[in-house]
Amino acid sequence: MRRLSEALRARESRRPPQREASQPRRGNPEAAFAGTSGVLNLPQSLPAFTRKRDTTFASLNSAFLPSDVILLLDAFILMVAVWGARILVGYHDPSVALGGVALLIALTGTRAVPDRLQAPIFDDLKVITLRTTIAFAVVAALVTLTSTGDLRLLLYTLTSATTALTLGRLGVRAVESRMRKQGAKSNTLVLGAGAVGRQIIQASREREGYGLNIIGAVDDDPRFAQEELGVDVLGALRDVPRLIRERDIRTLVIAFSHTNPGEMVRIIRDAQSQGVAVWIVPRFFELGRAGGADELLWGVPLMRLSPPAPQQPQWQFKRVVDVVLAGAAMIVAAPVAALCGLAVLVESGRPILHRQRRVSLDGREFTILKFRTMRPVDSTVESTEWGADPLRITRVGGWLRDKSLDELPQLYNVLKGDMSLVGPRPERPHFVDRFGEEHRHYKDRHRVPAGLTGWAQIHGLRGDDTPMEDRIVFDNNYIDSWSLSEDVRIMARTVKTFIGQGKESEGEFACSDRKRA
């Protein structure tokens with residue numbers, strides 16, 4: 001027995017000592033980093049068992065339930081409400097089902113289920129009540145026009161659904177509160193190591209109710225040292241993409257910093273494309289809470305940027321609208337398209353359609369279709385020629401271009417999925433590369449599919465004689481503030497201009513009830 005004990009002690013003495021720093025506490029991501037350099041001590045390729053995700057609340061890198069989960073809960077509640085109405089009256093009322101669908105669509109809006117730092121139930125009640133009122137008004141108008149359905153039953157169902165939805169959101173907030181109490185927080189990076197950044201850091205670390213786990217701060221010219229901030233200064237603005245990946249950042253708070261605004265825009269858009277929520281401290285907030293502020297973090301107003309269009313719940317409806325409207329438009333416009341094709345054939349022979357390579361979502365190329373309006377030329381000249389050569393435009397082609405009828409075949413591109421009905425107009429690869437080098441934010445236009453019409457086009461920014469800088473601003477502005485209702489309005493204005501019932505003035509567009517920066 002004595003020999004066995006001696007052998008065990010000898011083996012233990014030969015075992016290399018374990019460094020305390022290599023054993024970070026569970027739930028504390030900062031312990032995985034050594035010192036204040038912000039450099040990982042862990043190897044780049046981790047064993048599979050170390051990457052296994054813990055399922056306890058304390059290990060979750062989010063203090064919020066996913067929006068999709070909340071929307072599924074909303075859908076279930078509405079389904080129960082509609083089915084309950086059917087059981088109550090003993091028959092199926094189409095207006096009730098339509099009201100449920102309308103309310104569900106309304107609830108998929110950008111601000112219907114946002115991640116909230118603090119979410120009083122009264123805020124949820126206000127949002128749900130407003131959207132229920134809109135859904136009821138729309139469906140009631142249809143019921144009145146068609147003389148079908150029971151308005152009293154519809155009102156009863158939607159009122160009951162409002163109560164149930166509010167109770168559901170109350171349950172969601174209770175779950176999120178419990179998650180935060182058990183340690184679930186959103187890994188957060190603060191851009192700005194000044195007075196405002198320090199105030200946000202201190203408030204977040206002292207009050208767990210906000211659900212923010214401040215990993216550190218970045219600034220090109222930090223005003224305060226790490227000891228004064230209370231967290232590490234992890235680097236400059238250029239280090240943000242790396243920090244997002246290495247430290248699993250889920251929230252970005254933009255405080256005031258000494259950083260080039262153009263570079264800041266690029267960093268924010270890159271972060272949003274990775275699913276990071278971005279909150280911004282508005283300028284001159286000391287003069288009063290900004291009208292668009294979504295939250296108050298211990299006296300500091302924060303505005304949440306809308307997530308990128310493809311990450312919004314209602315984005316899926318955009319493709320449905322594209323397919324339905326493009327298919328219907330192809331059927332309605334078939335006689336006109338046939339006459340256009342016949343006119344091209346009679347005047348200049350084949351080919352009737354012109355095919356050209358263009359660039360769309362994420363820089364992917366596709367073949368766009370148009371009625372041929374110009375005499376054929378070498379493909380190299382065509383792909384690098386900016387602007388139409390007047391000597392090559394045919395008489396029929398000039399008329400088609402003037403009426404925008406040459407673009408009718410692009411409805412097929414929309415049905416195929418190469419394009420959308422609304423979005424930035426696609427350009428040829430040669431000019432995409434050229435403009436991408438000449439203009440900082442040109443390639444940001446490719447965050448969404450190219451479109452048949454767009455926000456820039458209804459402002460008259462189309463063709464080779466319009467400033468590229470203006471088109472870039474309008475296209476990116478459309479993407480950053482996208483909504484399905486805005487798409488509908490753009491299509492309506494396009495149709496109005498197309499059929500010649502009037503032309504909107506630039507001033508009226510500028511006074512749009514949807515503000516654009």
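The values are calculated or read from the model by the stated rules, or taken from the named source; none is laboratory data. Values in this document were obtained by computation on a predicted structure and should not be read as measured data. With ideal geometry, Cβ positions are generated from the backbone for all residues, glycine too; neighbour counts draw on all protein chains shown.
Please verify whether V253 is in contact (Cβ under 8 Å) with a residue 60 or more places away in the chain, buried (at least 19 other Cβ atoms within 10 Å of the Cβ) and part of a strand (DSSP E or B), treating the condition exactly as stated.
Considered against the rule, which asks whether it is in contact (Cβ under 8 Å) with a residue 60 or more places away in the chain, buried (at least 19 other Cβ atoms within 10 Å of the Cβ) and part of a strand (DSSP E or B), V253 comes out as yes.
Consider the stretch 263-303. How many of its residues are at pLDDT 85 or above and either in a strand (DSSP E or B) or crowded, with 18+ Cβ neighbours inside 10 Å (or both)?
15
Suppose the filter is within 30 Å of the chain's Cα centre (by Cα), basic (K, R) and either more than 30 Å from A85 (Cβ to Cβ) or not in a helix (DSSP H, G or I) (or both); does R180 pass it?
Yes: the conditions hold for R180.
Do any residues in the stretch 191-215 that are in contact (Cβ under 8 Å) with a residue 12 or more places away in the chain have Cβ atoms under 6 Å from those of residues that are part of a helix (DSSP H, G or I) and β-branched (V, I, T), where the two are at least six apart or on different chains, and which pairs are they?
Final answer for the pair search is I214/I201.
I'd like to check something: does the stretch 235-244 contain any residue that is among the hydrophobic types (A, V, I, L, M, F, W, C), touching a Ser or Thr at 6+ places or on another chain (Cβ under 8 Å) and part of a helix (DSSP H, G or I)?
yes
D475 passes all but one of (1) surrounded by 13 or more Cβ atoms within 10 Å (Cβ to Cβ); (2) at pLDDT below 90; (3) closer than 28 Å to A333 by Cβ; (4) not small (G, A, S); which number fails?
(2)
Quick check on my filter: what residues within the stretch 445-462 are in contact (Cβ under 8 Å) with a residue 40 or more places away in the chain and surrounded by fewer than 21 Cβ atoms within 10 Å (Cβ to Cβ)?
H459, G460
Considering every residue within the stretch 309-329, establish whether at least one is at negative phi, of a type in the set (D, E) and modelled with pLDDT of 90 or more.
There is at least one residue in the stretch 309-329 that is at negative phi, of a type in the set (D, E) and modelled with pLDDT of 90 or more.
Condition check ((1) small (G, A, S); (2) surrounded by fewer than 18 Cβ atoms within 10 Å (Cβ to Cβ); (3) not assigned by TED's automatic domain parsing to the domain that holds K443) across all residues:
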position	(1), (2), (3)
G327	yes, yes, no
A334	yes, yes, no
L339	no, yes, no
R358	no, no, no
R364	no, yes, no
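Name the single residue that is nearest to the chain's Cα centre (by Cα) among those in the stretch 106-131 being β-branched (V, I, T), surrounded by 15 or more Cβ atoms within 10 Å (Cβ to Cβ) and modelled with pLDDT under 80.
Among them, the one singled out is T110.
Please work out which residue is modelled with the highest pLDDT, limiting yourself to the stretch 53-89 and to residues that are of a type in the set (V, I, T) and within 28 Å of the chain's Cα centre (by Cα).
I77
Any chance you could count how many residues in the stretch 134-152 are more than 21 Å from L72 (Cα to Cα) and surrounded by fewer than 18 Cβ atoms within 10 Å (Cβ to Cβ)?
The number of residues fulfilling the criteria is 13.
Scan (1) surrounded by 15 or more Cβ atoms within 10 Å (Cβ to Cβ); (2) farther than 20 Å from S204 by Cβ; (3) modelled with pLDDT of 80 or more for the single condition T259 breaks and write down its number.
T259 satisfies every listed condition except (3).
Of all residues in the stretch 197-211, which are at pLDDT below 90 and surrounded by 20 or more Cβ atoms within 10 Å (Cβ to Cβ)?
Residues satisfying the conditions are S204, Y210, G211.
Look at D270 and say whether it is outside the structural domain of S204 (by TED's automatic domain parsing) and touching a residue at least 12 places away in the same chain (Cβ under 8 Å).
No.
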